[in-house]
Amino acid sequence: MYYEFISSLSEILPIEDQTRILFQQKLKVVKIPKGKILLSEGELCDKLWYLQSGLVRGYHFAADGQGNFRDVTDWFANEADFFHAADSFVKQVPSRECIETLEASILIYITRTDLYQLYANHPEACCIGRIIAERLLLTHHDLLRDMRTLSAPEKLESFRKRSRELFNRVPQKYIASYLGISENYVSKLKARP
């Protein structure tokens, strides 16, 4: 059951057998139905998740200027992705974001305590964590650049090219929220030949 998780780590950096065994001892697997909130705003994120199957999104609430709040999608995770609420996980502060399953999902996770213990005692685990964090940072950087420089049609095309599978799986309202454009506009752009 943990093969995919360990395999993903090994693709990043070779893992000694002892470290692999310690990882496996600390991992937990859960099956989560569609629409389940894994983390709510204000809770402490104490898990690094790995998505074996399914689809997940991270989002936060933002005021709409009229006294109401709407949710704004920050990221998506699909098969073989690692995810967490970064600020909460790293700083151990209440989360400003929520995490929700968009499809029934099988998740593997390790607690922050167990992960940091592995980091302290096994240098290759620490290197793997750094590389995962660097990759997540680069993904976020690419999105930020797109959000600042591209027009709405260009944002959608960039998302489609970068994330073809997500483009077809994620509901339009979440794609619109993620890209900062209206759902109707996403629908019109997707309908273009």
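The values are calculated or read from the model by the stated rules, or taken from the named source; none is laboratory data. In this text, all values refer to a predicted model and were calculated from it rather than measured experimentally. Quick reminder, even Gly has a Cβ in these numbers, built from the backbone with ideal geometry, and neighbours come from all protein chains shown.
For first residues located in region 149-177 and within 21 Å of Glu79 (Cα to Cα) and touching a residue at least 60 places away in the same chain (Cβ under 8 Å), partners that are surrounded by 15 or more Cβ atoms within 10 Å (Cβ to Cβ) and of a type in the set (Asp, Glu) and lie 6+ apart or on another chain with Cβ distances below 8 Å form the pairs Arg169/Glu103. The residues listed here are Asp71, Asp87; of these, the one that is at pLDDT below 95, surrounded by 14 or more Cβ atoms within 10 Å (Cβ to Cβ) and either touching a helix residue (DSSP H, G or I) at 6+ places or on another chain (Cβ under 6 Å) or assigned to a strand (DSSP E or B) (or both) is Asp71.
Taking region 90-127 as the range and being more than 23 Å from Ser7 (Cα to Cα) and part of a helix (DSSP H, G or I) as the test, the residues that pass are Val90, Lys91. Please count how many residues of region 1-30 are charged (D, E, K, R), over 19 Å from the mean Cα position of the chain (by Cα) and under 18 Å from Arg112 (Cα atoms). Qualifying residue count, region 1-30: 2.
Please find, among Ala62, Ala77, the residue that is in a strand (DSSP E or B), of a type in the set (A, V, I, L, M) and farther than 26 Å from Leu22 by Cβ.
Ala62
Using the structure shown, decide if Ser158 is over 14 Å from the mean Cα position of the chain (by Cα) and of a type in the set (S, T, N, Q). When the stated conditions are applied, Ser158 passes them. Checked against the criterion of being in contact with a Phe, Trp or Tyr (Cβ under 9 Å, 6 or more places away or on another chain) and among the polar types (S, T, N, Q), region 29-47 contains not a single residue that satisfies it. On the stretch given as region 1-37, residues that are touching a residue at least 60 places away in the same chain (Cβ under 8 Å), among the β-branched types (Val, Ile, Thr) and not in a loop (DSSP other than H, G, I, E, B) total 6. Of all residues in region 135-153, at least one satisfies being of a type outside the set (Lys, Arg) and not in a helix (DSSP H, G or I).
Reported count of residues in region 154-183, each being under 21 Å from Glu11 (Cβ atoms) and not in a helix (DSSP H, G or I), is 1.
Taking the condition modelled with pLDDT of 85 or more, more than 30 Å from Lys26 (Cα to Cα) and surrounded by 14 or more Cβ atoms within 10 Å (Cβ to Cβ), does Lys161 pass? Considered against the rule, which asks whether it is modelled with pLDDT of 85 or more, more than 30 Å from Lys26 (Cα to Cα) and surrounded by 14 or more Cβ atoms within 10 Å (Cβ to Cβ), Lys161 comes out as no.
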